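Right, one structure below, let's go through it.
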Amino acid sequence: MNLRDLQYLVALAEHRHFGRAAEACFVSQPTLSTQIKKLEDELGVPLVERTPRKVLLTEVGRDIAARARDVLNEIEQIRGVARRTLDPESGTVRLGIFPTLGPYLLPHALPLVRQAFPRLELLLVEEKTEAVLRMLREGKLDAGILALPLHEDSLHTEFLFEEPFLLAVSDAHPLAHKQGQLKLGDLSNQNLLLLEDGHCLRDQALEVCHLAGAGEHSGFRATSLETLRQMVAANVGITLLPVTAVKPPVAPVENLHLIEFRGHPPSRRIAMVWRKSSAMDGFLQRLADVFRQLPADLLDAHTAATAPAAPPAPRKAARR
C-alpha cells in the first residue's frame, strides 16, 4: 500500500466514476482501475461495487476512503510544517469564506495580507457556511472566515470583529424618516425580504425578526445581496444589510435608503476558524491578526447611513 493508491481511492470516493477520478489524479483510467484492484487484493476486501452506470463504494470501502483522506491530510500537514520551518511566511493557505461577506471584506483585507505576507499564496474559496465547514473537516481548506456561533468542537475559533446591520428601505417607505432613531420595535409587524435557505445571513436576519416581532416577506427569497438591494429600491419590501455590503467599492443604488439603528444595533460576529489539529496554528493566528487591522470606517454604520433629507427651503413671499 502506498500514498498514491490512497489518493486514487479518495478520488474515486469523491467522483464515483473511474474516468473522472483518473482525470483528477492525472493518470489514465486503466492505471487507476488497476491500482484500485491491487489495493483490494492487498487488503483482502472489496472496496468498490462496479455497476454499468456508476461506481459505488462498499461499506468497508467508504470507511477506508474516509481514513485515507485523513492520512493524506496529515501528510500535507507534515509537508506544510517543513515548508514553514524553512520560510514561515511562504507557502499556500486555502481560505474559505461565505458569499455575503467575501466580496465586501476581501477588497479591504487582501491588500493588508499582501503587505504582511508578500510571499504567501492565498487561495480563496467562496461557499456557503455548511460547505466551508465540510471542506475544513475533510482537509480541503486550511481555514475559514465564518459567522458565529459555530458548533464544531474540532475547530479553533478566533474572533475577528462584529459587523452591524443597517435597515434598507426605499425612499418612499414610512420608516425612511427614522434615521438614527430606529429601534428594533419599529420593525414589529414588518415583513422583511430575506435570502434563500443555506445562507447564514438568512438565519441571522430571522433571529432579528424574531426579536423584533417581524416576519418574512412570503413568496420571495433572494439568491444574493445585490438582488435584495434592487428589490428594496423597487419598493417591494425592506431588508437588513451588513455594513460592509454598502461601503465602497460597492456602488450605491438609487432610491435605497439605509437607516442606522439607535443604540447597539443588530449585528453578526465574524471569526476565523481552523482545525485544532492544524500544523499551521501559529501562522493562522498571525493571519487572523491581519484581518483585525481593517480600516476603522469599514465597520461604522453611521458613515454608511443615508443622510437625512434636508428640509424644504421656505417659499419667498410673492411681490405685489
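The values are calculated or read from the model by the stated rules, or taken from the named source; none is laboratory data. In this text the structure is predicted, and so the values were computed from the model without any measurement. Neighbour counts are summed over all protein chains in view; Cβ atoms, including those assigned to glycine, are modelled from backbone coordinates with ideal geometry.
Computed values, structure above
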item	result
Search result, residues across region 39-83 that are aliphatic (A, V, I, L, M) and under 18 Å from M135 (Cα atoms)	A65, A66, A68, V71, L72, I75
Enumerated strands (runs of 3 or more DSSP E) restricted to region 130-240, each holding at least 1 residues that are closer than 30 Å to F283 by Cα and not charged (D, E, K, R)	143-147, 155-170
Selection status of L43, modelled with pLDDT of 90 or more and either more than 16 Å from L56 (Cβ to Cβ) or hydroxyl-bearing (S, T, Y) (or both)	yes
Residue selected from region 184-204 under the condition within 18 Å of G263 (Cα to Cα) and surrounded by 13 or more Cβ atoms within 10 Å (Cβ to Cβ), by the criterion farthest from the chain's Cα centre (by Cα)	D186
Selected residue [crowded, with 22+ Cβ neighbours inside 10 Å, among the aliphatic types (A, V, I, L, M), in a helix (DSSP H, G or I) and under 20 Å from the mean Cα position of the chain (by Cα)] from A288, A245	A245
Checking I78 against (1) hydrophobic (A, V, I, L, M, F, W, C); (2) under 19 Å from S278 (Cβ atoms); (3) surrounded by 20 or more Cβ atoms within 10 Å (Cβ to Cβ), the condition it does not meet	(3)
Members of region 259-274 that are surrounded by 22 or more Cβ atoms within 10 Å (Cβ to Cβ) and part of a strand (DSSP E or B)	I259, F261, R268, I270, M272, V273, W274
Residue check for T223: farther than 21 Å from S267 by Cβ and surrounded by 14 or more Cβ atoms within 10 Å (Cβ to Cβ)	no
Pair list, Cβ under 8 Å, 6 or more apart: region 278-298 residue in the same structural domain as M135 (by TED's automatic domain parsing), other residue part of a loop (DSSP other than H, G, I, E, B) and buried (at least 16 other Cβ atoms within 10 Å of the Cβ)	S278/D142; M280/D142; L284/D142; L284/S278; L287/F117; V290/F117; D297/K247; L298/K247
Members of region 148-183 found to be surrounded by 14 or more Cβ atoms within 10 Å (Cβ to Cβ), closer than 21 Å to A234 by Cβ and charged (D, E, K, R), listed by number	K178
Some residue of region 53-64 being assigned by TED's automatic domain parsing to the domain that holds A21 and more than 34 Å from the chain's Cα centre (by Cα)	yes
Complete set of residues in region 90-115 that are under 22 Å from S278 (Cβ atoms) and among the hydroxyl-bearing types (S, T, Y)	S90, T92
Given (1) at pLDDT 90 or above; (2) over 30 Å from L150 (Cβ atoms), number of the condition R50 does not satisfy	(1)
Residues that are closer than 25 Å to E226 by Cβ, under 14 Å from the mean Cα position of the chain (by Cα) and touching a residue at least 60 places away in the same chain (Cβ under 8 Å), drawn from region 104-145	Y104, L105, K128, T129, E130, G144, I145
Residue list for region 49-65, filter: under 25 Å from L141 (Cα atoms) and touching a helix residue (DSSP H, G or I) at 6+ places or on another chain (Cβ under 8 Å)	L57, G61, R62, I64, A65
Checking V10 against (1) surrounded by 13 or more Cβ atoms within 10 Å (Cβ to Cβ); (2) within 30 Å of F117 (Cα to Cα), the condition it does not meet	(2)
Selection from region 81-105 of residues that are surrounded by fewer than 18 Cβ atoms within 10 Å (Cβ to Cβ) and either modelled with pLDDT of 95 or more or of a type outside the set (A, V, I, L, M) (or both)	R83, R84, T85, D87, P88, E89, S90, T92, R94, P103
Test: residue in region 221-228 that is in contact (Cβ under 8 Å) with a residue 40 or more places away in the chain, in the same structural domain as L112 (by TED's automatic domain parsing) and under 19 Å from D171 (Cα atoms)	yes
Hey, P118 closer than 22 Å to M272 by Cα and exposed (fewer than 15 other Cβ atoms within 10 Å of the Cβ) or not	yes
Residues that are within 18 Å of A68 (Cβ to Cβ) and out of contact with any helix residue (DSSP H, G or I) (no Cβ under 8 Å at 6 or more places or on another chain), drawn from region 28-48	T34, K37, E40, D41, E42, G44
